[in-house]
Amino acid sequence: MTDVDAYPKIASAMAAIADMRAEQPDLDWVAAEAGMSPAHFQRVFKHWVGLSPKKFLQHLTLDYAKARLEESQSVLDAALDAGLSGPGRLHDLFVVHEAMTPGDYKRRGEGLPMRWGWAESPFGLTLLFMTDRGLAGLAFAEPGAKGEQADVLANMQGRWPAAEFVEDVAAAEAMAARIFQDTANKAPLPLCLIGTPFQIKVWRALLEIPGGHLATYGAVAKLAGKPKAARAVGAAIGRNPISWLIPCHRAILSNGYVRNYEWGIPRKLAMIGWEAAQRDAVHQQNAAA
């Protein structure tokens, strides 16, 4: 098995580790779940994720989440002092965002050409929607789960029922490679936000949470200028159409626990662990410099 062939197995392994984190699964168990020897699994996992399975698991503990919340408070306070100003940043990947007008939103995408397709990612099968103005949708499903894929596709298409949908697998694969693999590319990645003005304000607030950090729903509400509307902000976070890039996975409860995630709590935890790996790598590079 080549490292490329192992790609979906590592995505499933991250979700399995996240799902079983309370039981603290050992290397042998996770490797068996992936159908690999422990030594081979360790090597391939570190290649894709950037750290060992044991270290990845450590980043999914409650204590780690609480520490990141405390650390992030000063970062988010600085963002509040500065005001919301794009572009947001995800690792070394820059995104710029543009909102559709309220009229565009009310027309539910009428006359809007929208290409879509499935591609692989570190977090499972990824569904992408693209317009001429930028990426408009990013969702996830389990590889090989045809029924789930159909449900996810219907879910996302239902957000823009009047759009003109055209399947374009090549474009989706190129976009996925740009997002998940070619992070050294400094060219801005445009996002096309299609939602209510309130939802867009919340999604822009999410972009202010740096990679490797976590924030409470209350903190996101403050960033969105709605400090007393945490419940409504939570609902808007749940309607985020561009998962991962608009990092709704970084919003957790104030006690450190993870709440509902559209694409599954194990996937949300896998994203948190992945970003923690990138954070560790940067810290190690800076310490060695």
Inset, instruction - Identify, from the list Glu120, Glu110, Glu98, the residue that is at pLDDT below 90, assigned by TED's automatic domain parsing to the domain that holds Gln149 and not in a strand (DSSP E or B). - result: Glu110
Legend entry - the stretch 160-189, subset touching a Leu at 6+ places or on another chain (Cβ under 7 Å) and in a strand (DSSP E or B), residue farthest from Leu60 (Cα to Cα): Glu164
Inset, instruction - Determine, yes or no, whether Arg279 is of a type in the set (Lys, Arg), part of a helix (DSSP H, G or I) and not assigned by TED's automatic domain parsing to the domain that holds Gly103. - result: yes
Inset, instruction - Name the residue, out of Gln285, Gln278, that is under 30 Å from Lys46 (Cβ atoms) and surrounded by fewer than 15 Cβ atoms within 10 Å (Cβ to Cβ). - result: Gln285
Inset, instruction - Within the stretch 256-268, identify whether any single residue is at pLDDT 90 or above and under 27 Å from Leu128 (Cα atoms), and answer yes or no. - result: no
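With in the same structural domain as Lys106 (by TED's automatic domain parsing), touching a Lys or Arg at 6+ places or on another chain (Cβ under 9 Å) and surrounded by fewer than 21 Cβ atoms within 10 Å (Cβ to Cβ) as the only criterion, which of Glu148, Glu142, Glu167 stands out?
Just one listed residue meets the conditions, Glu167.
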Legend entry - Selected residue (criterion: farthest from Ile200 (Cα to Cα)) from residues of the stretch 100-120 that are surrounded by fewer than 20 Cβ atoms within 10 Å (Cβ to Cβ) and touching a residue at least 60 places away in the same chain (Cβ under 8 Å): Glu120
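Each row is one residue, and each column tells you yes or no for (1) surrounded by fewer than 18 Cβ atoms within 10 Å (Cβ to Cβ); (2) assigned to a loop (DSSP other than H, G, I, E, B); (3) not hydrophobic (A, V, I, L, M, F, W, C).
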site: Lys201; (1), (2), (3): no, no, yes
site: Ala205; (1), (2), (3): no, no, no
site: Pro210; (1), (2), (3): no, yes, yes
site: Val220; (1), (2), (3): no, no, no
site: Lys228; (1), (2), (3): yes, yes, yes
site: Arg231; (1), (2), (3): yes, no, yes
site: Gly234; (1), (2), (3): no, no, yes
site: His249; (1), (2), (3): no, no, yes
site: Asn255; (1), (2), (3): yes, yes, yes
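The values are calculated or read from the model by the stated rules, or taken from the named source; none is laboratory data. Source: prediction; values computed, not measured. All Cβ positions, even for glycine, are placed from backbone atoms using ideal geometry, and neighbour counts span all protein chains on display.
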